[in-house]
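Below: one structure, written as structure tokens.
The values are calculated or read from the model by the stated rules, or taken from the named source; none is laboratory data. A quick note: this is a predicted structure, and the numbers were derived from the prediction, not measured. Cβ placement follows ideal geometry from the backbone for every residue including glycine, while neighbour counts extend to all protein chains displayed. Ligands, DNA and RNA are stripped out before the accessible areas are found, and what is left, the full protein with its side chains, is counted by its heavy atoms. Shrake-Rupley method; radii C 1.70, N 1.55, O 1.52, S 1.80 Å.
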Amino acid sequence: RGNDFRIVTYNIAHGRGTGESNWSDSVSRGKRLRAIGAWLREVDADVVVLNEVDFSSVWSGHENQAALLAEAAGYRYRVELTNIDVSVPFANLRFGNAVLSRMPITKAEVIELPGYAWWETMMGGKKLAVLCQVELGEGMRVGVVGAHFDTRGDEGIRIASAREVNTAVKGWGLPTVVVGDLNSTPAGLPGARVGADGRSGVDVLLEEGGFTRVVVGDDSGEATPTFPSWGADRAID
């Protein structure tokens, strides 16, 4: 692998697979999580960014899925970022993003993203991002942003989220990778939603943040559809 830095992003959807509900049976959920852990160990990336990870939720038996996957795949360091935290008698929902790393994470900062509705944010939380500093050794370090942008509403909420990420990254002054479930497609690709100026959230990351998009494509260089997994017709993130 030499000096390559390898990163994986995976929205694990609470371990429910392609099921429409998070209330799937615990046996199936456990099998999926073990399979994800085995796959991550085989891929052996330096850093893994996970979205929709349960830290303690009634529908997944209050299991910390980030801890489970970190142990299964052999990651020593991790950061957990709670997006939603709701507690009621006899039940709670606590889930969000996680960053797993083979190298030390020496600094982490929450990036506040705009909420979909003020009352929802007040009652339970909202989508967030986290910026981590990963030590590569020999004085080298890299920033990793694990993000989950809200899929609801018009593209304005994702454009605003992208600008918050850009501001945070510039403040750190590190070479940085932004990964996660951005729910945004570059303008001009199938399924793209855009704001008033014809740009999407991903476009704002590229044009205002100075990022370069890594394209999953075919031999022609065209972006390959990646979503949804059971019949992909859009290239997102």
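Test of understanding: among Gly180, Gly198, which residue is of a type in the set (Gly, Ala, Ser), outside any loop (DSSP other than H, G, I, E, B) and modelled with pLDDT of 80 or more?
Going through Gly180, Gly198 in turn, just one is of a type in the set (Gly, Ala, Ser), outside any loop (DSSP other than H, G, I, E, B) and modelled with pLDDT of 80 or more: Gly180.
So Trp39 clears everything in (1) open to solvent by less than 70 Å² (accessible area, probe 1.4 Å); (2) in a helix (DSSP H, G or I); (3) over 18 Å from Leu131 (Cα atoms) except one condition, right? Which one?
(1)
Filter region 69-91 down to the residues that are aromatic (Phe, Trp, Tyr) and at pLDDT 90 or above, then identify the one that is farthest from Leu131 (Cα to Cα).
Here the answer is Tyr75.
Hey, does region 213-223 have a residue that's in contact with a helix residue (DSSP H, G or I) (Cβ under 9 Å, 6 or more places away or on another chain) and either of a type outside the set (A, V, I, L, M, F, W, C) or surrounded by 14 or more Cβ atoms within 10 Å (Cβ to Cβ) (or both)?
yes
What number goes with the only condition from (1) within 16 Å of the chain's Cα centre (by Cα); (2) among the charged types (D, E, K, R); (3) more than 24 Å from Ala72 (Cα to Cα) that Arg163 does not pass?
(1)
Please note which strands (runs of 3 or more DSSP E) are completely contained in region 52-143 and include at least 1 residues that are open to solvent by 50 Å² or more (accessible area, probe 1.4 Å) and more than 28 Å from Ile159 (Cα to Cα).
The qualifying strands (runs of 3 or more DSSP E) are 77-88, 105-112, 128-137.
Condition first: open to solvent by less than 30 Å² (accessible area, probe 1.4 Å), farther than 16 Å from Val49 by Cα and among the hydroxyl-bearing types (Ser, Thr, Tyr). Can you find one or more residues in region 180-193 that meet it?
Yes - at least one qualifying residue is present in region 180-193.
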